[in-house]
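Below you'll find the structure, written out as structure tokens, and then a few comments.
The values are calculated or read from the model by the stated rules, or taken from the named source; none is laboratory data. Owing to the predicted nature of the structure, the values given are computational and were not obtained by experimental measurement. Glycine also receives a Cβ, built like all others from the backbone with ideal geometry; neighbour counts cover every protein chain displayed.
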Amino acid sequence: MIGAIQEFANRLLGRGDAAIAVPTFDGALKSNQKLEEAETILECAAPEDLATDGRSIYLADGPRLLRLDRDQATEVRRFDRPISALAFLADGGLAAALTGKEVQVFSEPSAPKPHAVFSTGLNAVNALAPALDGTLVATDGSAAYGVEDWARDLLESRRTGRLLSLDPATGATTTLASGLGFAFGARATGDEVLVSESWKHRLIAVARDGSTRITLPHLPVYPSRLSPATGGGHWLTAFVARSLLVEFVLREPAYRKRMMAEIDPQYWIAPRLRSGLSFKEPLQGAHIKTMGVVKPWAPPRSYGLVIRLDASGAPLYSLHSRVDGTNHGVVAAVERDGDLIMIAKGPGRILKLPIAPLDREFGA
Amino acid sequence: MSDDIVLSLSKATKLYAGVPAIDGVDFDLRRGEIHALVGENGAGKSTLTKVMAGVVTLTSGTMRVDGVPISPQSPLEARHLGIAMVFQENSLVPTMTVAQNLFLGQERFYNRLRGIYIAAQQFLQSLNFDVTPTATVGALGAAKKQMVEIARAVLHKAKVIIFDEPTASLTPEEKKYFFDLVRDLQKRGVSIVFISHALEEALALADRITVLRDGKKVVTDDASKFDRARIVQAMVGRDLSHTLYGVRKTTVRKAGSRVLVVQNLKMAPMVKNNSLSVFAGQITGVFGLVGAGRTETFKIVSGVLKRDFFYGGEIFLHDKPVRFRVPAPAVTAGVAYVTEDRKVEGFFETASIARNIYLGLLAKFPGGRTLLSRKEANAVGSDWVKALNVRAIGDEAKVVELSGGNQQKVVIAKSLVQDPELIIFDEPTRGVDVGAIVEIHELINRLADEGKAVVVISSYLPEIMALSDRILVSRQGKVVEEFSALEATEEKIMYAAIH
């Protein structure tokens, strides 16, 4: 009862959860254009996820599994459906999620048949990661919509994401956490699993007993996949930044309902992986461009961000592609031989940045 | 005496309590010239101009207007002689409208308000001033108040107009506009005396420059024969040009813990969804044009102003949500705000230095104190006068008797005595001489080195760039861009501030 009164008061006064507030990019998240300075090593149609076996980088591009050796791409295998997530297990096996509805585990990337298949109860598996006990952890973003329909899930303010444990040895699927605001990205660390909760703009740590604690709250972005960083810590990608306009629309259910019913999804007031392609986009005019110059600090419809986190989950520095950039919609980042390889899904690019100069520049 | 001289002073001396504010100064103003008066605070510039405007009278010496010896006993008498003064702290009546202020002192037996507004509108339009005559002056920004002051002087058909720090509160665009206006007045044959601490302005605008130091004239010469270094040397007797704004930062302090977070702060119509953070051990510079909502944002943080009640945003101090409705709890929580308008908000001008600083200390006690100690007040005052090098006859000197720079030091001491964690300096060197600027800058740097979270709000770009470790650029009520001091350039900052 008190909670309901509190919520009513918050909605009336615009406080607490009802405050239309977006944190700023400052401190370790201070904006720069590092992603725009990154080298493009490959352009492809539908890049989705990266994984490494310690020697090579593997790339999911639509239904194709590619191996990147010295920036050259070789097709390893082709699935009958698009790959939505990719991971290597500790024993060298490869796990691939297909359209989010099925996870296949192979003994090696080119093995002809999977030795384990998980398909029951999966809907939008968007990230996979190996756990220390030989199992896989997977994030299932939404119980209502598929992996590509994430904007609808956001606009309907759904909280149906799950963190799952998949055991290739037994074929068992265990739910570690549920009711998550679009779980998108996980990394097992010791007894806990670090999970990105995109719609709640935070990272949480889920313990084996299912208890959760918030490790990185109030992000100005929608966080996504995690990967290990050399020297401890993690790389966290964010596929889009928050904007006041979207936050405002998220407080207006009637408006959203009508918008989703009547407007082409391409032009919804919702985050996108790329923008600036059409005059029909909702953010226009002097908000974005003045005297022919796109303002980097304009409200972002699409954005690119990779955050270097320390072992405790605190940000050390960040790499940005701002509103005036093009390398937006960064959904995966993996280290290889001192370089950071990233997917900018918006323009369909695979990017490379050497890490040592970044560590030096940011004093990490 | 030449016909060319409209106003002159010879061996002008003014004593305050036996101490000379100006001492045997010779000064002459030619017809239709722009004459800049420069000097450190306490050099006697304001006193000299106040003598001309009839605000104070000379202790000894002679003043001549058009060759006739005269000693105006009041500003009204000076105005009748054709001498008008636009004060540094404007002298408008805040509760009256612009039009009423313009015609103040010229009222007739029967005044038709509509007629006054129409006349004011026509007059302001003739000067190309974008000021609404029906607006209440108290609601105007500093720049518009300045315009009203100038308009009033022009309206009174002054042949000599004296400006005391005319550009201190103006944006770069407004300054350019002001310069054009002054040149236009010059073309009409009006002689201009203006005091400025911005030496580039004096060099750009003036025909001749007079430098004062310690109440005495050092030199008067054509502006073309001066450069910045020569003026500074004449002003302070030492070369300070490289210790102020000349040196570009090569290192910045690393950010400490996040002390202040402001999220979507709103106070219509000035602050619009403003979000920013301030870190310990760093100087965060906040730049913006007039009306960018910088001062208002930090006044809300420090409880001087209130945010909007509905959807007003949130403030976190050390990660805890706070909402200060009055300044006292903010002071207790370790937030100090050093005001931009020291005369109105900074101190009690008739109280002593020690008393003013002691008041700052008392503000830390939420319920106040029943017993006050004169001894403690004097001890605290004396310590801070020494620590900040406040130059005064004694600790018991009234603040009104101090120069601008020393008054500013008292205002700063009043806040620092509270031992704050977050110190917000709003235009810390406005109306302050170059010598005191160096001291205040050193103090601000020292505070950041000690680990305090320091915010410096300034409209003067070189100051922001010289002091800040990170620079936030504010535009139309919110922070739009952040620069590290290492990457910032004046062009980048101005672009963000304007677009």
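Check whether at least one residue in region B:393-410 is polar (S, T, N, Q), out of contact with any strand residue (DSSP E or B) (no Cβ under 6 Å at 6 or more places or on another chain), more than 14 Å from every other protein chain (Cβ to nearest Cβ) and under 21 Å from B:Ser302 (Cα atoms), and report yes or no. There is at least one residue in region B:393-410 that is polar (S, T, N, Q), out of contact with any strand residue (DSSP E or B) (no Cβ under 6 Å at 6 or more places or on another chain), more than 14 Å from every other protein chain (Cβ to nearest Cβ) and under 21 Å from B:Ser302 (Cα atoms). Restricting A:Val240, A:Val249 to those that are buried (at least 19 other Cβ atoms within 10 Å of the Cβ), closer than 26 Å to A:Arg336 by Cα and at pLDDT below 95 reduces the list to A:Val240.
Identify the residue in region B:328-358 that is under 18 Å from B:Pro420 (Cα atoms) and surrounded by fewer than 17 Cβ atoms within 10 Å (Cβ to Cβ) and, among all such residues, is nearest to the other protein chains (Cβ to nearest Cβ). Once the filter is applied, the top-ranked residue is B:Pro329.
Filtered by the rule that a residue be outside any loop (DSSP other than H, G, I, E, B) and either hydroxyl-bearing (Ser, Thr, Tyr) or within 15 Å of B:Met235 (Cβ to Cβ) (or both), region B:35-56 gives B:Ala36, B:Leu37, B:Val38, B:Gly39, B:Lys45, B:Ser46, B:Thr47, B:Leu48, B:Thr49. Might you check whether a residue that is farther than 21 Å from B:Leu447 by Cβ and more than 25 Å from the chain's Cα centre (by Cα) occurs anywhere in region B:342-360? No, there is no match, as no residue in region B:342-360 is farther than 21 Å from B:Leu447 by Cβ and more than 25 Å from the chain's Cα centre (by Cα). For region B:120-134, the set of residues classified as surrounded by fewer than 13 Cβ atoms within 10 Å (Cβ to Cβ) and among the aliphatic types (A, V, I, L, M) is empty.
Being of a type in the set (Asp, Glu) and touching a residue at least 60 places away in the same chain (Cβ under 8 Å) is a condition met by no residue of region B:368-380.
Every residue, every condition in (1) among the small types (Gly, Ala, Ser); (2) more than 27 Å from the chain's Cα centre (by Cα); (3) surrounded by 14 or more Cβ atoms within 10 Å (Cβ to Cβ); (4) within 29 Å of B:Asp222 (Cβ to Cβ), yes or no:
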| residue | (1), (2), (3), (4) |
| --- | --- |
| B:Arg31 | no, yes, yes, yes |
| B:Arg64 | no, yes, yes, yes |
| B:Val68 | no, yes, no, yes |
| B:Ser74 | yes, no, no, no |
| B:Leu102 | no, no, yes, no |
| B:Ile118 | no, yes, no, no |
| B:Thr136 | no, no, yes, no |
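Exactly one residue out of B:Ile423, B:Ile471 is at negative phi, modelled with pLDDT of 90 or more and within 14 Å of another protein chain (Cβ to nearest Cβ), and it is B:Ile471. Tallying residues that are part of a loop (DSSP other than H, G, I, E, B) and not aromatic (Phe, Trp, Tyr) within region B:312-369 yields 21.
Output the residues belonging to region B:155-192 that are β-branched (Val, Ile, Thr) and at pLDDT 80 or above. Listed by number, the residues that qualify are B:Val160, B:Ile161, B:Ile162, B:Val182, B:Val190, B:Ile192.
Restricting attention to region B:442-462, the residues that are within 14 Å of chain A (Cβ to nearest Cβ) and among the β-branched types (Val, Ile, Thr) add up to 1. Those strands (runs of 3 or more DSSP E) of region A:170-243 in which 1 or more residues are aromatic (Phe, Trp, Tyr) occupy A:183-189, A:221-228, A:234-241. Restricting attention to region B:186-210, the residues that are more than 21 Å from the chain's Cα centre (by Cα) and in a helix (DSSP H, G or I) add up to 2. Check region B:61-75 and report whether any residue there is modelled with pLDDT under 90 and within 22 Å of B:Met147 (Cβ to Cβ). Scanning region B:61-75 turns up at least one residue that is modelled with pLDDT under 90 and within 22 Å of B:Met147 (Cβ to Cβ).
Of all residues in region A:244-279, those satisfying the criterion of being under 22 Å from the mean Cα position of the chain (by Cα) and assigned to a loop (DSSP other than H, G, I, E, B) are A:Leu250, A:Trp268, A:Ile269, A:Ala270, A:Pro271, A:Arg272, A:Leu273, A:Arg274, A:Ser275, A:Gly276. For region B:303-318, the candidate set comprises residues that are at the interface with another protein chain (Cβ under 10 Å from one of its Cβ atoms) and closer than 13 Å to B:Val261 by Cα; within that set, the residue that is surrounded by the fewest Cβ atoms within 10 Å (Cβ to Cβ) is B:Phe316. If I filter region A:296-304 for residues that are of a type in the set (A, V, I, L, M, F, W, C) and under 17 Å from A:Arg242 (Cβ atoms), do I get at least one hit? Yes, because at least one residue in region A:296-304 is of a type in the set (A, V, I, L, M, F, W, C) and under 17 Å from A:Arg242 (Cβ atoms). Here B:Glu487 passes the criteria (1) more than 21 Å from the chain's Cα centre (by Cα); (2) away from every other protein chain (no Cβ under 12 Å); (3) surrounded by fewer than 21 Cβ atoms within 10 Å (Cβ to Cβ); (4) among the charged types (D, E, K, R) except the one numbered (2). Summed over region A:1-55, the residues that are buried (at least 20 other Cβ atoms within 10 Å of the Cβ), out of contact with any Ser or Thr (no Cβ under 9 Å at 6 or more places or on another chain) and either within 14 Å of chain B (Cβ to nearest Cβ) or hydrophobic (A, V, I, L, M, F, W, C) (or both) give a count of 1. So is B:Met465 closer than 23 Å to B:Glu201 by Cβ and within 14 Å of another protein chain (Cβ to nearest Cβ) or not? It is false that B:Met465 is closer than 23 Å to B:Glu201 by Cβ and within 14 Å of another protein chain (Cβ to nearest Cβ).
For region A:56-84, filtering for residues that are among the aromatic types (Phe, Trp, Tyr) and buried (at least 18 other Cβ atoms within 10 Å of the Cβ) leaves 1.
If I go through region A:181-195 residue by residue, how many of them are out of contact with any helix residue (DSSP H, G or I) (no Cβ under 9 Å at 6 or more places or on another chain) and not charged (D, E, K, R)? Number satisfying all stated conditions: 7. Residues considered: A:Pro300, A:Pro282. Of these, the only one that is part of a loop (DSSP other than H, G, I, E, B) and more than 14 Å from chain B (Cβ to nearest Cβ) is A:Pro282.
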